[in-house]
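A short worksheet on the structure shown next.
The values are calculated or read from the model by the stated rules, or taken from the named source; none is laboratory data. Predicted, not measured: the structure shown is a model, and the values here were computed from it. We place every Cβ from the backbone using ideal geometry, glycine too, and count neighbours over all the protein chains shown. The accessibility values were calculated without ligands, DNA or RNA, using every heavy atom of the protein model including side chains. Shrake-Rupley method; radii C 1.70, N 1.55, O 1.52, S 1.80 Å.
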Amino acid sequence: MTPKWRELADRLAVQIRRGDFAPGQQLPHIRDLVAAGEGSKATVHAAYKALEAEGLVTSSRGHGTVVRPQAPARPVRLVSDQVVLREFTLDDVDDVLAIIGDDTVTTWLSFDSRDRAQAVSMIEGTIERASQEPRTEFYLGVTKHDDDRVIGFVRVGLSGVQAGKLGYAIAAKEWGRGYATDAARTLVSYAFKELTLHRITAAIGPDNAASIAVAQQLGFTREGVLRDHVFTNGAWRDSVLYSVLAHEWSW
């Protein structure tokens, strides 16, 4: 016999997947479902925990249980003024290695330079996470309009309630051409419009003037310093935290 909490979780999961509850919408309070005859407090709590384990909702103090953004039915491909953002494939290994294996680039990132095996592992992980439902990461390759080779990457990882963390990198030989700004603007717009995020942050090294300029150009606000935020290049490094809210975003 199926436990009552499992029946409730399955019924709510169906409602979430067919859109009865929108991304970012709070599910009914536990006490309201108890009052509606859905079971005891323990039963409803167990059902909500099951939904959270399945990645359909997230719970936090003060916000209750909230529906997470669902994965798009098709691979993401975004065309902007200067670049195209697309899903990674294993054919991108050499292009990705030229970026994450270059000390000139990684000195500004949150990880040290990586070898070919690590580049393969990175792409495999990105492809696997892109297939998960609901999707919690949008990690896309950056290409030019007339050339499908990857010249960079941009990422929004979903975290918390309607929140995301932005990251981006461009191959050193392509610096100074506005690709990072265009790629970041395009993905942030997608995250606010299609994923209904409320807040997006970017944690940037204090000495990374070029990346800070990108955040400022896009209208991000400096919030403060995250002390000893990442360990890279053999030492702890602070990050400066920038953020932008949906209602502040310039479409």
| field | Checklist (1) at pLDDT below 95; (2) more than 20 Å from T104 (Cβ to Cβ) applied to G234, failing item | value | (2)
| task | Determine which member of the set G167, G176, G205 is surrounded by fewer than 17 Cβ atoms within 10 Å (Cβ to Cβ) and either among the aromatic types (F, W, Y) or within 14 Å of V105 (Cβ to Cβ) (or both). | result | G176
| Pick from region 56-92 the residues that are without any contact (Cβ under 8 Å) to a residue 12 or more places away in the chain and not basic (K, R): which of them is least open to solvent (accessible area, probe 1.4 Å)? | S59
| Is there any pair linking a residue in region 209-230 that is farther than 21 Å from D182 by Cβ to one that is among the basic types (K, R) and outside any loop (DSSP other than H, G, I, E, B), with Cβ under 8 Å and at least six apart or on different chains, and which? | D228/R237; H229/R237; V230/R237
| field | Residue within region 109-123 that is acidic (D, E) and either modelled with pLDDT of 95 or more or over 20 Å from P75 (Cα atoms) (or both) present | value | yes
| Would region 32-42 turn up any residue that is surrounded by 14 or more Cβ atoms within 10 Å (Cβ to Cβ), on the phi > 0 side of the Ramachandran plot and either at pLDDT 90 or above or touching a His at 6+ places or on another chain (Cβ under 9 Å) (or both)? | yes
| message | Given the criterion closer than 28 Å to F220 by Cα and either free of Cβ contacts under 8 Å to residues at least 60 places away in the same chain or β-branched (V, I, T) (or both), identify the matching residue among G164, G125, G160. | response | G164
| query | When only residues in region 98-132 that are among the charged types (D, E, K, R) and either touching a helix residue (DSSP H, G or I) at 6+ places or on another chain (Cβ under 7 Å) or loosely packed, with under 13 Cβ neighbours inside 10 Å (or both) count, which is farthest from R17 (Cα to Cα)? | reply | D103
| note | In region 147-164, anything open to solvent by 40 Å² or more (accessible area, probe 1.4 Å) and either basic (K, R) or modelled with pLDDT of 95 or more (or both) is listed as D147, D148, R149, R155
| field | Number of the exception - D95 against (1) open to solvent by 60 Å² or more (accessible area, probe 1.4 Å); (2) at pLDDT 95 or above | value | (1)
| field | Tally of residues being within 14 Å of I170 (Cα to Cα) and in a loop (DSSP other than H, G, I, E, B) across region 73-109 | value | 6
| Pick from region 43-55 the residues that are among the charged types (D, E, K, R) and not in a loop (DSSP other than H, G, I, E, B): which of them is most open to solvent (accessible area, probe 1.4 Å)? | K49
| Only one of these conditions is not met by R155: (1) under 21 Å from the mean Cα position of the chain (by Cα); (2) assigned to a loop (DSSP other than H, G, I, E, B); (3) basic (K, R). Which number is it? | (2)
